[in-house]
Amino acid sequence: TIANRMPISIARRMSRGADLIKIGAQRRSRVDTGEMRDGWKVEPNGDGFLVVNDVPHTVFNEYGTTRIAAQPMLHPAVDEVRAKIPELFAGAIEEAAGV
């Protein structure tokens, strides 16, 4: 039963990590109209999740252009959550075991 429950436990933690990345990207977004900040979303993708923003000018803000300096949002958010991976996945086996 642990083996059967483990994918659910892992998916729950991956979803939480993706949500934290989204929140971090929103927190770092430039806000004129709020469109870019509000454009961040989490989408399921196969066995994982994607954090995406369909607002066209987001990429220019993330990487910069010849006219505006880069203001990374997604990359620092990923780095921040990467440091929390052990914490995010702690207890996965116990959860799957029903402990």
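Assess whether V52 counts as being at pLDDT 95 or above, out of contact with any Cys (no Cβ under 6 Å at 6 or more places or on another chain), open to solvent by less than 80 Å² (accessible area, probe 1.4 Å) and not in a strand (DSSP E or B). Judged against the criteria, V52 is not a match. If you go through the range 19-40 and keep only what is closer than 13 Å to E80 by Cβ and aliphatic (A, V, I, L, M), you end up with L20, I21, I23, A25.
For beta carbons closer than 9 Å, sequence separation of 6+ or different chains, a first residue in the range 26-38 that is touching a residue at least 24 places away in the same chain (Cβ under 8 Å) and open to solvent by less than 80 Å² (accessible area, probe 1.4 Å) and a second that is part of a loop (DSSP other than H, G, I, E, B) and among the charged types (D, E, K, R), the qualifying pairs are M36/R30. Here R16 meets each of (1) within 27 Å of P86 (Cβ to Cβ); (2) open to solvent by less than 40 Å² (accessible area, probe 1.4 Å); (3) in contact (Cβ under 8 Å) with a residue 24 or more places away in the chain; (4) under 15 Å from the mean Cα position of the chain (by Cα) with one exception, condition (2).
Count of the range 36-49 residues, restricted to those that are part of a strand (DSSP E or B) and of a type in the set (D, E), is 1.
Taken together, A3, A25, A18 contain a single residue that is within 24 Å of A97 (Cβ to Cβ) and among the small types (G, A, S), which is A3. Considering (1) in a loop (DSSP other than H, G, I, E, B); (2) at pLDDT 95 or above, say which one T33 fails and leave the rest. That leaves (2) as the condition not met. Taking the criterion of being farther than 16 Å from V31 by Cα, in contact (Cβ under 8 Å) with a residue 40 or more places away in the chain and either open to solvent by 70 Å² or more (accessible area, probe 1.4 Å) or hydrophobic (A, V, I, L, M, F, W, C) (or both), the residues of the range 55-91 that qualify are A77, V78, V81, K84, I85, L88, F89.
The values are calculated or read from the model by the stated rules, or taken from the named source; none is laboratory data. Worth saying up front: this structure is predicted, and the values here are computed from it rather than measured. Backbone-built Cβ (ideal geometry, glycine too); neighbour counts: all protein chains shown. Protein only, heavy atoms only, side chains kept; ligands, DNA and RNA dropped before computing areas. Shrake-Rupley method; radii C 1.70, N 1.55, O 1.52, S 1.80 Å.
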